[in-house]
């Protein structure tokens, strides 16, 4: 019976060497390693304006974010909504569902500001206290 171990070791060493050589020759990949960085540092290129708002029916407060520029993609809106609901949840000391439906997207900052103002007026008409959370 023939021993195959040296051949397999040689093959594995060759694959590892090829992998290391390709990794060393690759240019810096634009990997986002800033998970805890402010949104301004990790935002997608400007394209659409985003803002979020949610009402806490138990305290009659309307939590609203400032308008921020982003890509407007479903993934970006969902991530923004997740950060918003975590921040609001910390203030309420409870867990809010993380969902993109609490965030709105508009083609530009002016349109988003107008929609946000209309939502704030509606919350005031419902006698809710307005709490501005900020930008994420």
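The values are calculated or read from the model by the stated rules, or taken from the named source; none is laboratory data. Only a predicted model underlies this, so the values are computations on that prediction, with no experimental measurement involved. No Cβ is skipped: glycine too gets one built from the backbone with ideal geometry, and neighbour counts run over all protein chains shown.
Here is how the numbers come out for the structure above:
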| quantity | calculated |
| --- | --- |
| Subset of segment 120-136 (residues that are out of contact with any helix residue (DSSP H, G or I) (no Cβ under 7 Å at 6 or more places or on another chain) and either under 15 Å from residue 57 (Cβ atoms) or at pLDDT below 95 (or both)) | 122, 123, 126, 127, 128, 129, 131, 132, 134 |
| Residues of segment 82-119 classified as free of Cβ contacts under 8 Å to residues at least 40 places away in the same chain, crowded, with 16+ Cβ neighbours inside 10 Å and in contact with a helix residue (DSSP H, G or I) (Cβ under 6 Å, 6 or more places away or on another chain), total | 1 |
| Considering residues of segment 54-81 that are free of Cβ contacts under 8 Å to residues at least 40 places away in the same chain, more than 18 Å from residue 121 (Cα to Cα) and touching a helix residue (DSSP H, G or I) at 6+ places or on another chain (Cβ under 8 Å) only, the residue surrounded by the most Cβ atoms within 10 Å (Cβ to Cβ) | 81 |
